[in-house]
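I have placed the structure first, in the form of structure tokens, so that the comments after it can refer back to it.
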Amino acid sequence: MKEFFWCIEYVATFIEIFMCSYFCGTFVAKEKLSGSKNKIVLLSTIASVIVFILNHINLFSYITTGIFILLCIAIQCVSYREKYLLSIGLVVAYAAILSAIDFIIIYIVAIVIDTNTGYILSEQSFIRLICILLSKSILSILVLTLNRVIAHKKTIPPLYIVIMGVCSAFLLISNLVLIHSELDKTNDEISSFTMFFFIASLGIEMIIFGFVIKIAEGYEQKKTNLLIELNNKMLQKSLDETEQTFELWRQSIHDYKNDIIALTQLAEEEKLEEIKTFLQKENKLIEQKMFYIKTGNSVVDAIINTKQNIAEKQNIVFVVNIELPPRNIVSNIDMANILGNLIDNAIEAARVETESFVEITIKQEKSFLIINIKNKCTKLIEIEEIKTSKRDSEFHGIGLRSVRRTVKKYDGQMAMYIKNEEFNTNILIQNKID
């Protein structure tokens, strides 16, 4: 029978550690939960063995609890490999919730069967087994419900992560002290106060989480508004550039009419040498003027030609190799977002180089749409520093995040690297239209 009790203890420990990963994954990297389950199960199994061994020494102790928390933190760092501060704060909050649920169940069962809580906490028994089944069921329901309610990963500002962690740590320490006191004390008044405190701590923890989630939603809305503002600025900039291009075109038409009048007059006067000189001069001017690039997509045409005009005004060689597929999964708006942001970045970086250039390549290879934008780059930089190299660094960083979000929307891949003094941005999207 003793072996059976210890098996239940191990399963309960495994559920606690596994649910901790599920709880943290809801906030840290919800989209990675399904892909990380096997790793989480393996790590939870190993961690449960360690805690199980410690429980054999002492069924409840501060050392075991501390090691349990450290193991949970380590699992989050290995499983998700990001946002370590948030992971630590969430693990502490989870531990506070876990301790509150455990003691509330223990106290209720102790009242029903008329026994003391210290006995349930420190001795293997069927009563303890009932408490384990109830508390782990409630814990699992709470974590799974929270995961379902939160539609996507929340971005929580660091300040509120620290506040949540500090409050949760205070509640957790208080819970552990009160639990430890129950191992030696049986006074009903003290137990009633402890019960009230645990219910209050669970309620406070839920309020903290509700507050943090609201803050996170407001933070994300602020970022969304900033992104909309950026897109509006880009759209206005594109419209201004397009209007400027058409103004140049209208001016060219006007000049062309005047040239026709001048040539007609010279022809009537039979001044062939002057006509020849005039045509040679115009030919040189035409060679210097921008040729209108046509790709078969009016949106891409407008972006490429306006950006070419900007680049050539800054003496940047602008090379275009575009072969758009007949059918393109990427919408015109998203294509404008990708090309507009990346070409602006390339021009901004190339303008400080000598013999600078920007090269745009768009083509289809098998079932994949490939977008490659490269520019001259002799400066040794880290990829993470790119977002600070532009004068308007805040919007520049948002622009890159907007491109990454757009690429992710189509389940594509985006890579940025430097090779042979060329900065490359390479995008790969499966161009499959159902």
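Only one entry in Leu121, Leu85, Leu33, Leu98 is at pLDDT 85 or above and assigned to a helix (DSSP H, G or I), namely Leu98. For the stretch 291-302, the criterion of being surrounded by 16 or more Cβ atoms within 10 Å (Cβ to Cβ), among the hydroxyl-bearing types (Ser, Thr, Tyr) and closer than 27 Å to Cys377 by Cβ is met by at least one residue.
Restrict the check to the stretch 330-351 and report whether at least one residue is hydrophobic (A, V, I, L, M, F, W, C), assigned to a loop (DSSP other than H, G, I, E, B) and buried (at least 19 other Cβ atoms within 10 Å of the Cβ). Within the stretch 330-351, one or more residues are hydrophobic (A, V, I, L, M, F, W, C), assigned to a loop (DSSP other than H, G, I, E, B) and buried (at least 19 other Cβ atoms within 10 Å of the Cβ). Selection over the stretch 87-127 of residues that are more than 14 Å from Ser201 (Cα to Cα) and in contact with a Gly (Cβ under 7 Å, 6 or more places away or on another chain) gives a count of 2.
The values are calculated or read from the model by the stated rules, or taken from the named source; none is laboratory data. These numbers come from a predicted model, not from an experiment. Glycine also receives a Cβ, built like all others from the backbone with ideal geometry; neighbour counts cover every protein chain displayed.
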